[in-house]
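> One structure, pasted below without further comment.
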Amino acid sequence: MSFPAALHTEWIKIRSLRSLVGSLLAVPLAMAGLSLLICGTLGRPVPDSTDFDPVLFSYYGLSFGQLAAIVFGVIAMAGEYKNAGIRISLAAVPNRTLFYAAKLAVVGGAVLVVGLVASLISFLGGQALMDRGFGIGIADPGALRAVIGCALYLALISLLAVGVAAVLRSVTGSLSVLVPLVLIISFVVGDVSQGGGAADFLPDRAGQRILLQHPSGALGPWSGMAVLVAWTALAVGAGWWALRRRDA
């Protein structure tokens, strides 16, 4: 099977399974919905706040959007192993590297598109809903970078989820690893805007540096994204190795 045909096959799977469609649509709905709600409700920083970042403030719902992206990536890969469905997929695409590459391309591409929509809505809507004098425009420093970077961040997180799911072959097991890694640990360590220490090199904290208007610390916006790329490459590589070496 050719690569375009494998891509078409993976796209059919995504649009045919309600769990995948639902988790994919949840990315913009959860992220943009909560972001607009917070920006419209609060509208300004907490009194006496000295580190207010108007760009980051627009992405208040990112944690929920990235959770949906993780679920989407995990189900897309680990769902193949439910009821031995992976055997049918590999019978159609015997080349496992081709199968895996097509899976990654479709998952990452789909999340990139919905992530860009969610990012634009969150930023433009959030800035418009802020109180007068606090919102900024898309042409202001760091704004356009954050809009594009947010979509890239969500896509990379979903690919990291695919890699972990390919190794663990379980939806429950994959989520039990990924949710603490990219959500709980960050809340324990502290807010993403607080720099310093090895915690800045966790995948979520490093990747979210691109959402800061004026980032400071060891990692800049694109070096932080590079750290996330490294985490994603490690997970994707481990998933490829597991898929190639293990029996279906």
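The values are calculated or read from the model by the stated rules, or taken from the named source; none is laboratory data. In this text the structure is predicted, and so the values were computed from the model without any measurement. Cβ sites come from the backbone with ideal geometry, for glycine too, and all protein chains shown count toward neighbours. The area values use the complete protein model at the heavy-atom level, side chains included, leaving out ligands, DNA and RNA. Shrake-Rupley method; radii C 1.70, N 1.55, O 1.52, S 1.80 Å.
> Looking at the stretch 9-23 only, could you name the residues that are open to solvent by 20 Å² or more (accessible area, probe 1.4 Å) and either assigned to a helix (DSSP H, G or I) or within 10 Å of residue 71 (Cα to Cα) (or both)?
Selection gives 9, 11, 12, 13, 15, 16, 18, 19, 21, 22.
> For the stretch 101-115, check the following and say yes or no: at least one residue is touching a Pro at 6+ places or on another chain (Cβ under 7 Å) and crowded, with 23+ Cβ neighbours inside 10 Å.
For the stretch 101-115, residues touching a Pro at 6+ places or on another chain (Cβ under 7 Å) and crowded, with 23+ Cβ neighbours inside 10 Å: present.
> Of 188, 236, 164, 227, which residue is in a helix (DSSP H, G or I) and free of Cβ contacts under 8 Å to residues at least 12 places away in the same chain?
Values: 236 fails: free of Cβ contacts under 8 Å to residues at least 12 places away in the same chain; 164 fails: free of Cβ contacts under 8 Å to residues at least 12 places away in the same chain; 227 fails: free of Cβ contacts under 8 Å to residues at least 12 places away in the same chain.
Sole residue among the options that is in a helix (DSSP H, G or I) and free of Cβ contacts under 8 Å to residues at least 12 places away in the same chain: 188.
> Now a separate question. Starting from residues that are in contact (Cβ under 8 Å) with a residue 40 or more places away in the chain, open to solvent by less than 20 Å² (accessible area, probe 1.4 Å) and of a type in the set (A, V, I, L, M, F, W, C), keep the ones in the stretch 132-150 and report whichever is nearest to residue 27 (Cα to Cα).
Within the stretch 132-150, the match that is nearest to residue 27 (Cα to Cα) is 150.
> A further question follows. So the check is Cβ under 7 Å with 6+ separation or different chains; which pairs have a first residue in the stretch 38-58 that's within 23 Å of residue 207 (Cα to Cα) and a second one that's open to solvent by less than 30 Å² (accessible area, probe 1.4 Å) and modelled with pLDDT under 75?
So the pair list comes out as 52/45.
> Continuing with the same structure: Please indicate, with yes or no, whether at least one residue in the stretch 153-162 is farther than 21 Å from residue 27 by Cα and out of contact with any strand residue (DSSP E or B) (no Cβ under 8 Å at 6 or more places or on another chain).
Step one: list which residues in the stretch 153-162 are farther than 21 Å from residue 27 by Cα, which gives none.
No, there is no match, as no residue in the stretch 153-162 is farther than 21 Å from residue 27 by Cα and out of contact with any strand residue (DSSP E or B) (no Cβ under 8 Å at 6 or more places or on another chain).
> Taking the condition in contact with a Phe, Trp or Tyr (Cβ under 7 Å, 6 or more places away or on another chain) and open to solvent by less than 90 Å² (accessible area, probe 1.4 Å), does residue 68 pass?
Spelling it out, it is not the case that residue 68 is in contact with a Phe, Trp or Tyr (Cβ under 7 Å, 6 or more places away or on another chain) and open to solvent by less than 90 Å² (accessible area, probe 1.4 Å).
> Conditions first: (1) surrounded by fewer than 17 Cβ atoms within 10 Å (Cβ to Cβ); (2) in a helix (DSSP H, G or I). Residue 80 passes all but one, so which condition is the exception?
Going through (1) surrounded by fewer than 17 Cβ atoms within 10 Å (Cβ to Cβ); (2) in a helix (DSSP H, G or I) one by one, residue 80 breaks only (1).
> Quick one: how many residues across the stretch 219-248 are among the small types (Gly, Ala, Ser) and open to solvent by 20 Å² or more (accessible area, probe 1.4 Å)?
So the count comes out to 8.
> Given the structure, is residue 80 acidic (Asp, Glu) and touching a residue at least 40 places away in the same chain (Cβ under 8 Å)?
Working: acidic (Asp, Glu): yes; touching a residue at least 40 places away in the same chain (Cβ under 8 Å): no.
No; evaluated as a whole, the condition is false for this residue.
> Identify all residues within the stretch 87-97 that are assigned to a helix (DSSP H, G or I), farther than 15 Å from residue 163 by Cα and either touching a residue at least 24 places away in the same chain (Cβ under 8 Å) or in contact with a Lys or Arg (Cβ under 9 Å, 6 or more places away or on another chain) (or both); write none if there are none.
87, 89, 90, 92
> Also: Considering only the stretch 24-59, state which residues are at pLDDT below 90 and in a loop (DSSP other than H, G, I, E, B).
If the condition is that a residue be at pLDDT below 90 and in a loop (DSSP other than H, G, I, E, B), then 43, 44, 45, 46, 47, 48, 49, 50, 51, 52, 53 are the ones that fit.
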